[in-house]
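Just so it is clear, none of the values below were taken in a lab; they were calculated from the coordinates. No experiment lies behind these values; they were computed from the predicted model shown. All Cβ positions, glycine included, derive from the backbone under ideal geometry; neighbour counts span all protein chains shown.
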């Protein structure tokens with residue numbers, strides 16, 4: 001019976017925000033920028049990073065982000081990334097918008113750490129890997145040690161030691177070859193030669209994310225019903241698993257979409273003043289991404305309400321089991337007193 005309570009408590013812990021202690025800047029060199037709430041902030045070793053921070057590195061520069069468990073993410077030269085999402089409490093993982101980032105992630109007792117790009121989610125556990133994002137939002141993953149699970153709207157793949165994988169914007173993961181430097185040069189050139197045509201890939205990615213929104217909507221109905229009908233530890237555990245799965249997927253999709261949104265915004269800004277048509281095209285994509293994000297946030301809010309209901313059901317069921325334990329203890333104590 002105590003095992004029952006422990007299982008339900010573990011389910012509760014899993015659903016709480018994972019970031020208890022903040023990430024911080026552990027080292028930097030050269031031209032590095034930290035933008036917080038639209039304003040430039042001073043960069044310093046030991047500076048605590050906040051959810052929503054934007055990091056940028058110039059040519060010949062880099063910045064290292066460290067976590068309390070010893071994990072590190074190095075943002076290499078000519079790169080940009082954001083920290084977590086303001087829409088997800090406690091989120092502090094890196095979303096690479098463009099350029100290259102190298103991660104060294106400590107092994108976790110449970111679950112995995114994650115990194116994000118405009119096209120994929122990287123679930124890592126005890127891994128050394130490098131993420132590269134082209135000017136057009138395509139992603140390549142190079143794994144030095146361990147395994148990285150790649151999740152995209154188009155499919156998923158596991159990449160192991162000394163393997164590489166690439167995921168085009170709006171596409172699915174597939175094996176890659178050659179150096180990541182050559183890969184990025186080639187993909188950047190392809191985007192620069194025809195940025196208007198490449199915008200269609202952003203449309204496909206957004207359509208896929210919107211489709212996943214509808215799937216989440218159906219899952220929310222199912223989870224709500226499961227939590228409402230929970231009347232035992234077994235049924236509550238099953239409902240908790242469904243709730244965790246739906247919440248994790250929705251948060252992953254939102255972070256991926258927010259990275260896509262920032263990518264489209266950066267492209268629109270880069271073409272402003274030199275090609276109004278292309279700038280406006282990516283500005284439209286940015287707006288469409290915002291609409292998809294609004295539904296993602298509504299889904300998260302609905303799941304939070306279900307989580308509140310789950311906690312009430314948990315207290316009710318744990319209370320029932322606690323009363324049974326107290327009753328057994330009382331009977332045992334009475335028997336001892338009669339001897």
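Pulled fully out, how much extra length does the chain show between residue 112 and residue 234, if you take 0.36 nm times their separation in residues and subtract their Cα-Cα distance?
Details: separation 122, 0.36 × 122 = 43.92 nm, distance 2.52 nm.
Going from the current span to full extension adds 41.4 nm.
With a cut-off of 8 Å between alpha carbons and a minimum separation of six or more residues, what is the relative contact order of region 239-309 in percent?
On the way: 45 pairs, mean separation 29.4, N = 71.
Computed over region 239-309, the figure is 41 percent.
How high is the relative contact order of the chain, in percent, counting Cα pairs under 8 Å that sit 6 or more residues apart? The partial results should precede the final answer.
Numbers: 657 pairs, mean separation 40.9, N = 339.
Averaging sequence separation for qualifying contacts and normalising by length gives 12 percent for the chain.
At what distance in nm do the modelled label points of residue 197 and residue 37 sit from each other, each positioned 7 Å from its Cα along Cα→Cβ?
It works out to 4.5 nm between the two label points.
By per-residue mean of other Cβ atoms within 10 Å, what is the highest-first order of 90-101, 283-294? Provide the component values of the computation, followed by the final result.
Values: 90-101: 23.6, 283-294: 17.2.
Per-residue Cβ counts within 10 Å, averaged per peptide and sorted highest first, yield 90-101, 283-294.
Only helical DSSP H runs with n ≥ 4 go in: add -39500 (n - 2.57) per run for the chain, normalise by residue count and round the 222 nm mean residue ellipticity to 500 deg cm²/dmol. Please list the in-between numbers first.
Values: 5 runs with 164 residues, N = 339.
After summing the helix terms and dividing by residue count, I get -17500 deg cm²/dmol.
How do the peptides 149-157, 181-189 rank, highest first, by the average count of neighbouring beta carbon atoms within 10 Å per residue? Numbers along the way, then the final one.
Details: 149-157: 18.9, 181-189: 14.7.
Highest mean packing first, the order is 149-157, 181-189.
Considering the values [x] 0.99; [y] 1.06; [z] 1.03, which represents Rg/Rh (Cα atoms, Kirkwood Rh) as calculated for the structure under consideration?
[y]
How large is log10 of I(q)/I(0) for region 41-116 at q = 0.19, 0.26, 0.28 Å⁻¹ when the intensity is taken from the Debye formula with one equal scatterer per alpha-carbon?
-0.81, -1.43, -1.54
How do 63-76, 299-312 rank on mean C-beta neighbours within 10 Å, highest first? Provide the component values of the computation, followed by the final result.
Details: 63-76: 18.9, 299-312: 17.3.
My ranking of the peptides, most packed first, is 63-76, 299-312.
How far apart, in nm, are two points set 7 Å out from the Cα along the Cα-to-Cβ line at residue 291 and at residue 308?
About 3.0 nm, to one decimal.
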